[in-house]
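This report concerns only the one structure given below.
The values are calculated or read from the model by the stated rules, or taken from the named source; none is laboratory data. Quantities reported herein were computed from a predicted structural model and do not represent experimental measurements. Every residue, glycine among them, receives a Cβ derived from its backbone with ideal geometry; neighbour counts consider all protein chains shown. These accessible areas exclude ligands, DNA and RNA; they are computed on the full protein's heavy atoms, side chains included. Shrake-Rupley method; radii C 1.70, N 1.55, O 1.52, S 1.80 Å.
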Amino acid sequence: MGDRRQAARRTMRSVLVVLALWDAGAAADLAALAPLAPEEHAPAVKRSAERAAKASRLLADHGHLLPPDLREKAHDLLNEHDFRVHAALDSARPGPALAAIQKKESGYLKAFQKLGGERAATKAKQLPKDEERTKLRATREVLFEATGIDAEEPVWGAPFRALEALFGEGHAPMEALGVSAKFFEDGTALTKRYHVALQPPCDCWTFGRDAVIKQAKIVAKSLKAPPLVDAWLDSIEADDARKLPSVGFGVSVEDGACKLYVLNYGGNELPPLPLLDSLPQT
């Protein structure tokens, strides 16, 4: 359940960055502008106004799901788009200018559908607001209290730092972090263990293939992972025809061990992953 909730949350981050081209004020401004536009351009302005209103509702309902840096980027995009529509009408050739805007809007809508579209928005409506989840963030303090591992530790803190690089410090959701322990008959236990999901097993939570693989490679380098790990990550990075599989890391400090997790989901195939015997000897 936690992964599914966070999956919807992550998709909405992507959806909002794709569609957050207008805020409520800009949407209202475009709606008021449509009836005043020259008759031959009124349909294009009306279409932009309708799309603006839809995007504005998404942003108002789910903007809290965006990390601060992406919220700022969304506001920059919305201001830019509103300006472009006005500038198009004021230009010497408003027809081609509005057509270019329509093409760009169509691209955003295609990306919206690819990321889950209305289904993603419906799922996100069921998620609690950020203020209700503040205490459930996967922070450095949470990691230390649960495992005794300092996020700044050069090797064992690397997977957690990758989460921060993706979500922003203090903004990673609890669902992206897991802790575990091994208990033995003699009463001892291994407790310095945790795992992170840079891309959970869901088709609607992702920062994108490039961002996820970039962080995964940084983690692999910090963990001094064997060449097979790099080969797997290279294969996942190159195979952009398939959906990005679930990618994560787990570490166990007392064991001196780490794991790379790659999991398919939703009936999607994994990319070709080389076996150890297929790699050159080092």
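Express the carbon and sulfur contribution to the solvent-accessible surface of segment 164-282 as a percent, rounded to the nearest whole number, probe 1.4 angstrom. Could you put the intermediate results ahead of the total?
Values: 3510 of 6390 Å².
Percent of accessible area from carbon and sulfur atoms in segment 164-282: 55.
Could I have the simple spin-label model distance between GLU169 and PHE83, label points 7 Å from Cα toward Cβ, reported in nm to one decimal?
Result for the modelled spin labels: 3.1 nm.
Can you compute the FRET efficiency between LEU228 and ASP150 using 1/(1 + (r/R0)^6), with r the Cβ-Cβ distance and R0 = 25 Å? Round to the nearest 0.05.
Numbers: r = 28 Å, r/R0 = 1.13.
Approximately 0.35, to the nearest 0.05.
Computed on alpha carbon atoms, what radius of gyration and Dmax characterise segment 138-188, expressed in Å?
That works out to 12.4, 41 Å for Rg and Dmax.
Tally Lys and Arg at +1 and Asp and Glu at -1 over the other residues with C-beta under 12 Å from the C-beta of ALA225: what net charge comes out? Present the calculation step by step, with values, prior to reporting the outcome.
Details: positive: LYS217, LYS221, LYS224, LYS259; negative: ASP230.
Neighbourhood net charge equals +3.
How much length would be gained if the chain were fully extended between TYR261 and GLN102, taking 0.36 nm per residue of separation minus their Cα-Cα distance, in nm to one decimal?
Working: separation 159, 0.36 × 159 = 57.24 nm, distance 4.13 nm.
Stretched fully, the TYR261-GLN102 segment lengthens by 53.1 nm.
What's the extension gain from GLU39 to ALA92 if we count 0.36 nm per residue and subtract their Cα-Cα distance?
On the way: separation 53, 0.36 × 53 = 19.08 nm, distance 1.60 nm.
Result: 17.5 nm gained on full extension.
Take the Cβ-Cβ distance between ASP210 and LYS54 as r, set R0 to 25 Å, and report the resulting FRET efficiency rounded to the nearest 0.05. Please report the intermediate quantities before stating the final value.
On the way: r = 28 Å, r/R0 = 1.12.
Approximately 0.35, to the nearest 0.05.
Roughly speaking, what is the stretch gain from LEU190 to ALA241, that is 0.36 nm per residue apart minus the C-alpha to C-alpha distance, in nm to one decimal?
Details: separation 51, 0.36 × 51 = 18.36 nm, distance 4.03 nm.
Roughly 14.3 nm would be gained on extension.
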